[in-house]
Amino acid sequence: MLDLVLLAFILGMLALGLRRPFIWVLTYLYIDIVAPQKIGWGIIQAIPLSFIAFIAAFTGWALFDSKEGSRFTFRQGLILALLLWCGWTTLNADFPVDALTKWDWVWKALIFAIFLPLTLRTKLRIEAAALVMAFSVGAIIISGGIKTILSGGGYGTLSSLVQSNEGLYEGSTLSMVAISVIPLFLWVARHGTIFPKSRWTILFAAGLIFAALLVPVGTQTRTGLVCIAVLGVLMLRSVKNRFLYAGLGAVALMAAIPFLPQSFTERMETISNPEGDESASTRLAVWQWTIDYVGEKPLGGGFDAFRGNSFTYRMRIEEGTQDNSRVRYEKVTDEGRAYHSSYFEVLGEQGWPGLVLWLWIHGLGLWQMERIRRRMKARETPEEKRWYELATALQHGQAIYLVGALFVGIAYQPFVFYLVALQIALASLLSRKTSAKPKFAPKRPGKKVTEPTASSSPGEAPA
Amino acid sequence: MIDYFTIALTHGLIAVAAWRLLFRDDLDSDREVDATDEAHGRTAGKRADKVGSDDA
């Protein structure tokens, strides 16, 4: 039954795309985020949905879509360079078979991140992509949120729509994405034109945000809690009355603690006391290993190069009751431990050149969004407020990711690259509009100034 | 049951959004919208009588 519903939905979307091919791009976004082929049990698993949607999206753009306003930006060039570099390291990987498995999904994410901004050439398309991304993540987190309320969740046990712990459905990744998409929920509800702002959009956004905040509780991931803290600090930039906001936030937190499951609070306490936690001890050891590794191989070891690591360290173990506890240190040997950090993941796998490209892609995004914020802040038209807030949402989402990524190996997470693609599209659209607008001409009294008409030839250089 | 509710709600909204996009001219081009905005003085608060809408 579920299979049929999902298939009917996808077929419906593909049919709508016959009239407006851009809807195929939205369909691909939805399929890539929600992974409906994993939700269903029967026939839907056998159909290469993602492939069909990608071919439809690309063909629709190449054959039927106007290229007016499409342009290839420097940042897309950086993603392309990263893609090519990843291809080269895959060919020379330490573990060719494992590297090829990871390459198999990474290249698709990067290619689509390069392609997406070419299609997002109007304001409405940017909004539509933001909406589909928000609602697709919403599909996963509403389910996760409700299940958390009903069952309390558990580390590695909360299953949202899918009973799997991979991709976006992996606990830490889902926590990070759920929190980083909160600013986008708010933007879609407040500045949408497809669903114009109403009490319903605000109510729905409030529900989504509540569900998103519950995901780190349900998955009991420490990364999620760190991401919530980052979001709280970032929101201070946007709120009018910061002291009131900080006070209310503290009260809300105090009120929420008694309702949190005990297992959650116990796990979160290990953030401040990482000594007795193997996960935390391993991280430090893997990071040290990675630095030593790129010292020998500065060009990286290709995807999954971590499989070659092995290290022994002493871990503190506390035994007995609180009043009569005994501490002993045990030697632990680990082999093939994952990076547990996106920065070290890129460094180990792609070496210094890969890390520079990756940081450049993200750093430039933060900077571009900040430039838009500064440019739009002084202006007071609804249109400019709208783009100011989208730039803020995309910047904050990315900042949350970059902090969460310190502790989770999600350097190539497709959803994040789609956020990057939205940033590229927004920056490109606004620079086009600025360059297309008539330049300011001082009017002399008594002389009528004829303003030039707006033009937007595709060949114009970005401002 | 929870999954059915979630899927019905979010997929329903995405489907409605896609349906509404079919009837929006500004999906494929911003030009007409910009011209209309300018004509109503919505962009940058400028008087629009100088910028004609004949460039749309």
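Using a Förster distance of 41 Å, how high is the FRET efficiency between A:MET1 and A:ASN324, based on the Cβ-Cβ distance and rounded to 0.05?
Values: r = 57 Å, r/R0 = 1.38.
E between A:MET1 and A:ASN324, to the nearest 0.05, is 0.15.
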Q: Return the loop-located trypsin sites (Lys or Arg not before Pro) in segment A:52-95 (DSSP other than H, G, I, E, B) with at most 15 other Cβ atoms within 10 Å of their own Cβ; answer none if there are none.
A: A:LYS67
Q | B:VAL16-A:ILE52 pseudo-label distance in nm [points 7 Å out on the Cα-to-Cβ vector] | A | 2.6 nm
Q | In nm, spacing of pseudo-spin labels at A:TYR313 and A:VAL239 (7 Å Cα→C-beta vector) | A | 3.7 nm
Q: Return one number: the angle in degrees, 0 to 90 and rounded to the nearest 10, between the long axis of the Cα atoms of helix A:123-151 and the longest principal axis of the Cα atoms of chain A.
A: 30 degrees
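Counting only C-alpha contacts under 8 Å and six or more residues apart, can you give the relative contact order of segment A:1-65 as a whole percent?
40 percent
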Q | Debye log10 I(q)/I(0) at q = 0.18, 0.22, 0.25, 0.28 Å⁻¹ for segment A:306-378, Cα point scatterers | A | -0.83, -0.98, -1.05, -1.13
Q: Could you pull out the pairs from A:LYS147/A:LYS197; A:LYS102/A:LYS331; A:LYS123/A:LYS147; A:LYS108/A:LYS147; A:LYS240/A:LYS385 whose alpha carbons sit more than 26 Å apart here?
A: A:LYS147/A:LYS197; A:LYS102/A:LYS331; A:LYS123/A:LYS147; A:LYS108/A:LYS147
Q.
Based only on other Cβ atoms within 10 Å, what is the fewest-to-most ordering of A:TRP85, A:TRP105?
A. A:TRP105, A:TRP85
**Q.** Shielding by other protein chains, A:124-131, mean Cβ within 10 Å
**A.** 4
**Q.** Cubic angstrom per residue, convex hull over Cα atoms of segment A:1-65
**A.** 62 Å³
Q) Dividing the alpha-carbon Rg of chain A by 2.2 N^0.38 Å yields what? A) 1.05
Q.
Please list 3J(HN,Hα) in residue order for segment A:108-117, calculated via the Karplus relation 6.51 cos²θ - 1.76 cosθ + 1.60 where θ = phi - 60°; whole Hz, with x for glycine and proline.
A. 5, 4, 5, 4, 5, 5, 6, 6, 3, x
Q: At 7 Å along the Cα-to-beta-carbon direction for both A:THR333 and A:ASP292, put a label point, then send me their distance in nm to one decimal.
A: 1.5 nm
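Given Cα pairs under 8 Å that are at least 6 residues apart, what percent is the relative contact order of segment A:274-335?
Dividing the mean separation by the residue count of segment A:274-335 yields 32 percent.
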Q) Which residues in segment A:329-357 have a backbone N closer than 14 Å to a point placed 7 Å from the Cα of A:GLU166 along the Cα-to-Cβ line? A) none
Q. Can you put A:LEU422, A:LEU80, A:LEU110 in order, fewest other beta carbons within 10 Å first?
A. A:LEU80, A:LEU110, A:LEU422
(Q) With angles folded into 0 to 90 degrees, how steeply does helix A:49-59 sit against the dominant principal axis of chain A? Use alpha carbons for both and round to 10. (A) 30 degrees
Q: Sort A:ILE291, A:ILE182, A:ILE194 so the one with the fewest other Cβ atoms within 10 Å of its own Cβ comes first.
A: A:ILE291, A:ILE194, A:ILE182
Q.
I'd like the distance between the alpha-carbon centres of segment A:281-295 and segment A:176-226, rounded to an integer number of Å.
A. 35 Å
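Bear in mind these aren't lab numbers, they're just calculated from the coordinates by the rules spelled out. All of these numbers come straight from a predicted model, not from anything done at the bench. Note that we place each Cβ from the backbone using ideal geometry, even for glycine, and neighbour counts take in every protein chain shown.
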